């Protein structure tokens, strides 16, 4: 009886193994299979056949290439932000009575965002590149306005001269940059990173990629890429190749706010329950670290506590920075993003409208222009309004702002050609085919 049971189990296991082996694999974007599920024609992979250089296997696949692809390459400094639902809008009292940021529920698709603000050294790299590759006029238009530090009633003269270019300020956030200049930087960065990826695809990087076998020129396994200093390239792979990153750009207001709130840190269990809402990019209602340990009581952001109080007293400074701080100075939030409150305000993509909360989509909301709320409806010419299609939103609070403006839901606006000593930026990018 025992032998019969063991034999029965063995047969059952054998049948199960055979059934699993015969199961049809469902195609995915990362593994579409070797042939079309609709036509039955074989896919080419773009690789050489028979060891002959340049000879593609086009006989069986009719020339249609489906390249090998693992996942979207991780661009330099980018952090993956898993999408989801959140309550967008101000949680604090509307002290200005602007009524332009009512709470509403929206959903954000997964995306990438820089873990830090763009620092002076990064912007100097950009200026160096465009000075070689662009016109003198464009180079001059790209220069930050260093006079934003000038103040007849403050001795900030040294910042005017040294803040952007002195090595001591390399990792401090660039300021004096307009929305237009920030957008130009995003476009340049897109070209540089993709040019470098194109070189890797050709096997012509300065430091050739190596496979496990030590062969030069391969791009297999390369998932991170470092931008070169130049922006031009004669070869750019097709989008279908997987060697092209989506465009760098300014984050939308909704993306920025979602990334700053980082509500992923308030979730427990598997029932979508969040135990608390956040006023700032961290837990609690104060600006100090409430967790026990050697960092307990330390400030979590660089801001102005009150009139004339930018950093406390010598020997007992609260945030240790009178003006800006280095971009990695304070702890990152639960998404791994630094300085999403304080240090410098940050440009976002959106045009400002006081009724944005009423007229935008609840999926990936953005305000591009005056659609449904045209600028002509506002009396700017009569000096009764400032609203037009060049008014852009900025968020996050700065070293010169009180704590109220550090809440991610608060919003302010300024002309897209303006610049201040309290305003910088960071880049974002869509996530292709990945939500988590």
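Along its first, second and third principal axes, ordered by size, the range 335-436 spans 45, 38, 23 Å in Cα coordinates. Specify whether the C-alpha gyration tensor of the range 106-160 places it in the rounded, prolate or oblate class, a ≥ b ≥ c being the square roots of the eigenvalues: rounded for a/c under 1.5, otherwise prolate if a/b is larger than b/c and oblate if not. Judged from the Cα gyration tensor, the range 106-160 comes out oblate (a/c at least 1.5, b/c at or above a/b). Between residue 162 and residue 187, the modelled label-to-label distance comes to 3.6 nm, taking each label 7 Å out from Cα in the direction of the beta carbon.
In terms of the mean number of neighbouring beta-carbon atoms within 10 Å, the peptides 72-84, 176-188 order highest first as 176-188, 72-84. Where in the range 338-369 does the amide nitrogen come within less than 17 Å of the point 7 Å from the Cα of residue 99, taken along Cα to Cβ? So the set is 353-359. Translational diffusion of the range 333-385, estimated by Stokes-Einstein from the Kirkwood radius over alpha carbon pairs at 10 °C in a medium of 1.306 mPa s, is 115 µm² per second. Mean silhouette area of the range 388-436, derived from the convex hull of its C-alpha atoms and averaged over all directions, reads 5.4 nm². Computed extension length for residue 30-residue 288: 88.4 nm, one decimal, from 0.36 nm per residue of separation with the Cα-Cα distance subtracted.
Taking every Cα-Cα distance in the range 247-288 and sorting them into 5 Å bins from zero, the calculated P(r) comes out as 5, 21, 22, 21, 15, 10, 6, 1 percent.
Show me 352-364, 305-317, 111-123, 135-147 ranked by packing, highest mean number of other Cβ atoms within 10 Å first.
The packing order, highest mean first, is 111-123, 352-364, 135-147, 305-317.
Note on residue 147 and residue 70: the extension gain reaches 23.0 nm, defined as 0.36 nm multiplied by sequence separation minus the Cα-Cα distance.
Here, each number is a calculation from the coordinates, and none is a lab measurement. None of the values given here were measured: they were computed from a predicted structure. No Cβ is skipped: glycine too gets one built from the backbone with ideal geometry, and neighbour counts run over all protein chains shown.
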